[in-house]
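Worksheet: one structure, shown below.
Values in this text are rule-based calculations from the coordinates and carry no lab data. What you see is a predicted model, and the numbers here were worked out from it, not measured in a lab. As a convention, Cβ positions derive from the backbone with ideal geometry for all residues, glycine included, and neighbour counts pool all protein chains shown.
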């Protein structure tokens, strides 16, 4: 058996600097979960359809199952573990809690990042725009109505707030 | 659901990319945005021996206006096209079409060149390139060539590009004066693969008659096609519902759609007609606002 080639990667995840050596085929989703132990990023379909593994890569949402960890070398990644400010929930997380926008919670990390990017680009979206914005995230509890309610309710706070 | 092992090379420049492709003789594939390639690798439908990651090749990430063209670098993200005020103003059809590519999360990564080379039968950018006769620049070490859509898109997910070549730029013609465009897509949910999509561009002469009309459909076969019969039915005419209806009526006989779990062949034919008609109405509404 031949030794598999490995590659060094250095990146910041939730403000913490990490240096690891990975196989090129390691997906960013598996790197976050298995190598760094950040299991808040969920893995559903592993082919870019369900949106559960959505994280921020250099400030933009990406499917972490469609990015190799080596491609994140030098990047800044935010996962769900980095969204709250210490013990204080992000306003969008507060709105999800307030409006019962999660049931099993599997899709929630991805939903939050998709909604966050939507509200940054468009601070006052219509309901239709909210539905399109989260269209790449599947909730199999089918709790979409409450998610739309939460995003709508959070929009004034995001438009004002930091993050 | 995990990719097979591969050798990873990160290219820092176009020159290095071309040298690597020349050296690797067919075993290497280009990795750009990875939004089609990585899912195929996760399924192990694709198992390239070597990937050349061109993400650092920033010289291929640009869009600009040159004379009456919009040259776009292959590494330009779909999201960049979507957000560009220049694209919205000068090539409104592209701005309309990119919104239908996947989701924001995939458009943030997915590249213009990747979408064209992948050649998905219902992909939006190949449809727009086909409609507008975009000029595609392909390079290999020491050589470059420019091709039109007819010589590039060959068949289902098949494009005419050799293993030692890379698509580096696509140039779209700017929307002519007194023109309007429309892009309509039928899918089960926004962001899903299209069942059919229609793109049109109409140009009006001083006498109020169409001097140019372009109509193209995807989902009607293995690749996007121009509907020349519909175009001939429009050129020389004045815009009205009857003319648009007659043009759209040429569509069903000009397409040869597949049947699958999402739609029958007959349904796709009918919807191709309906969506061309709607796109023509959109283009006409756009022109009337301008006048």
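Here are the numbers for the structure shown:
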item	result
Length added when fully stretched, residue B:62-residue B:4, from 0.36 nm per residue minus Cα-Cα	17.6 nm
Modelled FRET efficiency - R0 25 Å, residue B:187 with residue B:249, Cβ distances, 0.05 increments	0.60
Whole-number percent relative contact order across segment B:219-291, with pairs defined as alpha carbons under 8 Å at least 6 apart	33
Ranking of B:8, B:62 by count of other Cβ atoms within 10 Å, fewest first	B:62, B:8
Sorted by Cβ density within 10 Å, fewest first, the residues A:124, A:61	A:124, A:61
Bridge type composition, segment B:1-155 - antiparallel percent by DSSP, nearest 5	50
GNM top mover of B:213, B:198, B:162 - chain B, alpha-carbon springs below 10 Å	B:162
Distance-filtered residues of segment B:235-277 - backbone nitrogen under 16 Å, label point 7 angstrom along residue B:211 Cα→Cβ	B:235-239
For B:32-42, mean number of other protein chain Cβ atoms within 10 Å	5
Shielding by partners, peptide A:67-74 (average Cβ within 10 angstrom, other chains)	5
FRET E, pair residue A:16, residue B:264, Förster distance 60 Å, beta-carbon r, rounded to 0.05	0.65
Gyration tensor (alpha-carbon) shape descriptor, segment B:164-291, a/c threshold 1.5	oblate
Between segment B:4-70 and segment B:158-216, the alpha-carbon center distance in angstrom	25
Principal axis dimensions, the protein assembly as shown - Cα atoms, whole angstrom, descending	68, 57, 42
Cα centroid separation - segment B:251-291 against segment A:54-110, whole Å	39
Peptides B:247-254, B:9-16, B:113-120 ordered by average Cβ neighbours within 10 Å, highest first	B:113-120, B:247-254, B:9-16
Nearest-ten-degree value, helix B:265-290 long axis tilted from longest Cα axis of chain B	70
Which of A:6, A:108 has the fewest Cβ neighbours within 10 Å, and the rest in rising order	A:6, A:108
Sum of -39500 (n - 2.57) over DSSP H runs of 4+, divided by residues of the protein assembly as shown (222 nm, nearest 500)	-9500 deg cm²/dmol
Where a label projected 7 Å from the Cα of residue B:143 along Cα→Cβ would reach, residues of segment B:1-45 with amide N under 16 Å	B:18-26
Segment B:83-122-segment B:125-142 distance, computed between alpha-carbon centres (Å)	14
Relative contact order of chain B, pairs being alpha-carbon contacts under 8 Å that are 6 or more residues apart, as %	15
Scattering profile of segment B:192-266 at q = 0.24 Å⁻¹ [log10 I(q)/I(0), Debye over alpha-carbon scatterers]	-1.04
Antiparallel bridge percentage (DSSP; both residues within chain A; nearest 5)	90
Normalised per residue, the volume of the convex hull around the Cα set of segment A:7-82 (Å³)	72
Averaged over A:55-61, number of beta-carbon atoms from partner chains that fall within 10 Å	3
Cα Rg over Rh - chain B, Kirkwood	0.99
